[in-house]
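The values are calculated or read from the model by the stated rules, or taken from the named source; none is laboratory data. The model shown is predicted, which means the values in this text are computed figures rather than measured ones. We place every Cβ from the backbone using ideal geometry, glycine too, and count neighbours over all the protein chains shown. Just so you know, the surface numbers come from the protein's heavy atoms only, side chains and all, with ligands and any DNA or RNA stripped out. Shrake-Rupley method; radii C 1.70, N 1.55, O 1.52, S 1.80 Å.
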Amino acid sequence: MSLVDALQEVGIRFVLVKHENSGGFMAEGVFQRTGAPALLVTTIGPGLANAVNVVANAQQDRVPLIVLTGCIDAATAQTFTHQWFDQSALMSPITKARFTADADAIDIIIDKAVNIAMDHPPGPVHVDVPVEVGLSHVPRSVTVHRSQPVYGVPHGESLNRARKWLAEANWPLMIAGIEALNNNATDAVRNFIHEHSVPLLTTYKAKGILPEDDPFALGGAGLSPIADELLLPLVRASDCLVLVGYDPIEMRSGWRDPWSPEAKVIELSLVPNTHYVHHAQLSLLGDINAGLRELARELTGQSKWTKDAIASQRDKLCKAYRPDEEWGPAAIIDTARRVLPRETIATVDSGAHRILLSQLWEAYEPRELLQSNGLCTMGCALPLAIGAKLSDPDRPVVAFTGDAGLDMVLGELTTIRDLKLPLIVVVFSDASLALIEMKQRGMQYPEVGVNFETTDYGAIAQVLDGTGYTCHNREQLSRALEQALNASRFSVISCEFSRHAYNNRI
Ligand SMILES: Cc1ncc(C[n+]2csc(CCOP(=O)(O)OP(=O)(O)O)c2C)c(N)n1
Ligand SMILES: [Mg+2]
């Protein structure tokens, strides 16, 4: 209570949610849209225990999440057990750092917590606040501020070598990942690609770093075997790869050292490679923007890529997912992309629908398709969308979610109601854990524990003062989306289709 009160007092808005996990994702939504670190406040014991998933997500998805929890004072803990466990130990494997607040060093502790959370790669930091510290008053003025780190610029022999490789490459290829976003390298990436005719592949989280209808955009990759079948041969055929903030935590196993052993691989990154998922002959550590600028200086490449060749690859990739089907998950994505304006911010939950959507949904700017793709957790799309809408109230925000994923966070519909946010929720309602059912069948197990009854999500929306729609065809969905775009309250659009709709589709 003292924390919530103090946060309000210093101008940090406290927004109540119904589950701590959602609170973390909602704060992440704000981070994704504004760059401000996310702040999650939970109560002692069960509150923090409920938040474990979103803290793990912050670690895997590179989110600067600061978790503030209450804890009992050290002396009291010697003779008190109710609701008390070692909170710091619980956080240990999933946070970058853990602190216990101390009134005499609180400015140092908070400055450290924020900086460590924001340092590359960003991640979660836990601060336990003992009751006594929470109740004590310390002077407002912060005396400690670490200066912002300045990252170096690649130079010398290694830079020359990288330039030479690029100059000699016939089939250069760039792969960009989340780190490029966290280093604000969008403009540098776009300039490099256009000046040197290098096509771009992105991870799902880096979608939009180049508008996906740009002639040099090859699309997203990560979790779809169908995409891998078309894209990995291009990666293997490339004679020079430029990895731009490409963090492989988003990729399935086919992306372990996927290139030809002869390929020249240049990695631009802010952090050394300790993952060993792939290797680069040249690892240029430092500011990615500056690195790309240096690499491009006086570069006369001989890329043989043409816009037609790239367009034909992209076309093949898109058609593989059959967006022209009459009705089904691809038709839902296709219809939504057509109806929703270009500046729409979308979030997507985990499951079969997410893999299909991440492949088919075109993003035009970075951080306009938000998802969990390191941890790949369910239950993130709705609260991420709340955070995005709070940050960008004038833009349409849509949450795409599976039915089981929505079931996990249904309570947050009341949060949307209370905040009066005109959010759009599109449900892929197939009465199934489709992704798990596919894996089960693939391993020739019988269907167990993956099917459930169809829920009338529209009716649930109605009783919570939202508007509910149930759609069985493209026309109904288009109409529902158009109405939802003009609505002053939230809309839940349940798109019902039959089980097994993703067979050979992702
Ligand atoms: C919190 C959490 N629990 C379990 C999983 C494993 N999992 C991944 S996808 C999935 C099924 C999701 O079902 P639904 O939301 O209906 O989406 P669909 O696959 O049907 O599109 C499950 C159980 C997970 N990723 N996250
Ligand atoms: Mg489902």
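So Gly47 ticks every box in (1) over 28 Å from Asn183 (Cα atoms); (2) open to solvent by 10 Å² or more (accessible area, probe 1.4 Å); (3) part of a helix (DSSP H, G or I) but one. Which box is left unticked?
Gly47 satisfies every listed condition except (2).
So which residues in the range 409-459 are without any contact (Cβ under 8 Å) to a residue 40 or more places away in the chain and in contact with an Asp or Glu (Cβ under 9 Å, 6 or more places away or on another chain), if there are any at all?
Hits for the range 409-459 are Gln440, Arg441, Glu447, Val450.
Would you point out the residue of the range 206-228, among those that are touching a residue at least 60 places away in the same chain (Cβ under 8 Å) and in a helix (DSSP H, G or I), that is farthest from Ala309 (Cα to Cα)?
The qualifying residue farthest from Ala309 (Cα to Cα) is Pro225.
Would you mind telling me which numbered condition in (1) open to solvent by less than 60 Å² (accessible area, probe 1.4 Å); (2) outside any helix (DSSP H, G or I) Cys318 fails?
Of everything listed in (1) open to solvent by less than 60 Å² (accessible area, probe 1.4 Å); (2) outside any helix (DSSP H, G or I), Cys318 misses just condition (2).
Can you name the residue in the range 429-463 that is part of a helix (DSSP H, G or I) and hydrophobic (A, V, I, L, M, F, W, C) and is also farthest from ligand 2 (Cβ to nearest atom) among such residues?
It comes out as Val463.
Across the range 390-404, what is the total count of residues that are without any contact (Cβ under 8 Å) to a residue 40 or more places away in the chain and either surrounded by 24 or more Cβ atoms within 10 Å (Cβ to Cβ) or closer than 14 Å to Val15 by Cβ (or both)?
Final tally of qualifying residues: 1.
Within the range 268-313, can you find the residues that are among the small types (Gly, Ala, Ser) and within 22 Å of the chain's Cα centre (by Cα)?
Correct list: Ser269 only.
Among the residues of the range 193-203, is there at least one that is open to solvent by 20 Å² or more (accessible area, probe 1.4 Å), of a type in the set (D, E, K, R) and touching a residue at least 60 places away in the same chain (Cβ under 8 Å)?
Yes: the range 193-203 contains one or more residues that are open to solvent by 20 Å² or more (accessible area, probe 1.4 Å), of a type in the set (D, E, K, R) and touching a residue at least 60 places away in the same chain (Cβ under 8 Å).
Can you name the residue in the range 367-389 that is open to solvent by 30 Å² or more (accessible area, probe 1.4 Å) and on the phi < 0 side of the Ramachandran plot and is also nearest to ligand 2 (Cβ to nearest atom) among such residues?
Within the range 367-389, the match that is nearest to ligand 2 (Cβ to nearest atom) is Met378.
Take residues that are touching a Ser or Thr at 6+ places or on another chain (Cβ under 7 Å) and tell me which of the helices (runs of 4 or more DSSP H) falling wholly in the range 119-194 contain 2 or more.
Hits in the range 119-194: 131-135, 178-182.
Just one of the numbered conditions (1) surrounded by 17 or more Cβ atoms within 10 Å (Cβ to Cβ); (2) out of contact with any strand residue (DSSP E or B) (no Cβ under 6 Å at 6 or more places or on another chain); (3) farther than 30 Å from Leu282 by Cβ is not true of Val138; which one?
(1)
With (1) closer than 30 Å to Gln313 by Cβ; (2) within 11 Å of ligand 1 (Cβ to nearest atom) as the list, and Met408 as the residue in question, which single condition is left unmet?
(1)
Mind checking which residues of the range 102-133 are touching a Cys at 6+ places or on another chain (Cβ under 9 Å) and open to solvent by less than 20 Å² (accessible area, probe 1.4 Å)?
The answer is Asp128, Val129, Pro130.
Let me spell it out: the conditions are (1) more than 15 Å from Ala176 (Cα to Cα); (2) over 22 Å from the mean Cα position of the chain (by Cα), and Val265 meets all of them except one. Which number is the exception?
For Val265, the failing item is (1).
Inside the range 327-357, can you point out the residues that are over 15 Å from Asp430 (Cα atoms), more than 12 Å from ligand 1 (Cβ to nearest atom) and part of a helix (DSSP H, G or I)?
Passing the criteria: Asp334, Thr335, Ala336, Arg337, Arg338, Val339.
In this structure, is Asp187 of a type in the set (Asp, Glu), touching a helix residue (DSSP H, G or I) at 6+ places or on another chain (Cβ under 7 Å) and either surrounded by fewer than 18 Cβ atoms within 10 Å (Cβ to Cβ) or at pLDDT 95 or above (or both)?
Criteria not met by Asp187.
Of everything in the range 271-329 that's aromatic (Phe, Trp, Tyr) and in contact with a helix residue (DSSP H, G or I) (Cβ under 7 Å, 6 or more places away or on another chain), which residue is nearest to Asn191 (Cα to Cα)?
Top of the filtered list is Tyr321.
Could we say that Arg13 is open to solvent by 20 Å² or more (accessible area, probe 1.4 Å) and under 18 Å from Lys205 (Cβ atoms) here?
Taking the combined requirement at face value, the residue does not satisfy it.
Here are Gln444, Gln483: which of them is open to solvent by 60 Å² or more (accessible area, probe 1.4 Å), more than 16 Å from ligand 1 (Cβ to nearest atom) and within 23 Å of Ala346 (Cβ to Cβ)?
Gln483
Restricting the range 390-404 to residues that are farther than 20 Å from Arg337 by Cβ and among the small types (Gly, Ala, Ser), which is farthest from ligand 2 (Cβ to nearest atom)?
Applying the filter and picking the extreme gives Ser391.
Go through (1) surrounded by fewer than 20 Cβ atoms within 10 Å (Cβ to Cβ); (2) among the hydrophobic types (A, V, I, L, M, F, W, C); (3) within 22 Å of the chain's Cα centre (by Cα) and name the single condition Ala237 misses.
It is condition (3) that Ala237 fails.
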